Amino acid sequence: MFYKIKKKISFAIGLVGSGDIKNVWQAFVRRIKSEEVAYGFKRDLSEEFAKPRSLVKVSTRAYLPGDEHYFKERKNDGLINQFNTCYVGITKEGTPCCHVWLIDSSQNDKLKRAWGNTFPTINSDELLAENVYTVPKYRGMGIFPAVLDELVEKGIELGGKYIISFGEASNINMSRSFVYAGFQPYILRRKKWILFTKSINFEPISDKELKVFNKYTSAYRAKPLVRSTPN
């Protein structure tokens, strides 16, 4: 707990020192009263879909020392760096353009220490894709869903049957990226702040909410892979 608080304080001080007072103020205001709603997404790794198309062809590999240079614009409190399960999306020239952590059930305790109840307990057949970040110059090119799709094979290699992840409900483009990569919403997370006290609840997605979700994502739904059968 002390480590987590220390990292957050250091992060805030760093933002102030860099002149990014706006983000510090917004974080302060959110903790007075706010509500954040996020979809929990899940992909069944046994289901095959056509590969998402992207404007830049990408592949994935494990994070290597020196990759942090490509993500220096990424601002976070450093807690994710406790997890040594980072994968990097790279262009055909070998340039890192996206990163994501793939966290398995053996790291549940570490996950709880870092973020409390922000995420549900990971089951033994699940992996959590977290802290996805695309370098700004590569955004809008379909890299996010392409990297998510690339993680399927890695998930299977790690013994997983499902990959889960979370995305803010207000971020329509993110939701579209998830469904384009074969993910479907399966749960709703509500995070509330009232006078600096945080509460997190998970609940089923109502029919009404699912109808709204499908309205703006149905055109992006991944196409099941149909294999031809020999005569």
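The values are calculated or read from the model by the stated rules, or taken from the named source; none is laboratory data. Note that the coordinates shown come from a computational prediction; the quantities given were computed from them, not determined experimentally. Every residue, glycine as well, gets a Cβ built from its backbone with ideal geometry; the counts of neighbours run over all protein chains shown. Just so you know, the surface numbers come from the protein's heavy atoms only, side chains and all, with ligands and any DNA or RNA stripped out. Shrake-Rupley method; radii C 1.70, N 1.55, O 1.52, S 1.80 Å.
For Trp115 and Thr95, what does the FRET efficiency come to when R0 = 22 Å and r is the distance between their Cβ atoms, rounded to the nearest 0.05? For R0 = 22 Å, the calculated efficiency reads 0.15. The Arg139 and Val37 beta-carbon pair, evaluated with R₀ = 25 Å, returns a calculated FRET efficiency of approximately 0.60. Would you work out if the stretch 45-150 is rounded, prolate or oblate? Take a ≥ b ≥ c from the square roots of the eigenvalues of the alpha-carbon gyration tensor; rounded if a/c is under 1.5, else prolate when a/b is larger than b/c, oblate otherwise. It is oblate, given that a/c is not under 1.5 and a/b is not larger than b/c. Here the calculated FRET efficiency for Ser124 and Asp67, from their Cβ-Cβ distance with R0 = 30 Å, stands at 0.55, rounded to the nearest 0.05.
Any of Lys161/Lys215; Lys92/Lys208; Lys42/Lys198 with alpha carbons more than 31 Å apart? Name them for me.
With Cα atoms farther than 31 Å apart: Lys92/Lys208.
Residues whose amide H lies under 5 Å from that of Cys98, counting only those 5 or more places away or on a different chain, are Gly89, Val135; hydrogens are built 1.01 Å from N in the peptide plane.
Multiplying the residue separation of Arg74 and Asn201 by 0.36 nm and removing their Cα-Cα distance gives an extension gain of 42.9 nm. Using a probe of 1.4 angstrom and keeping all protein chains present, the accessible surface of the stretch 95-231 works out to 54 square angstrom per residue.
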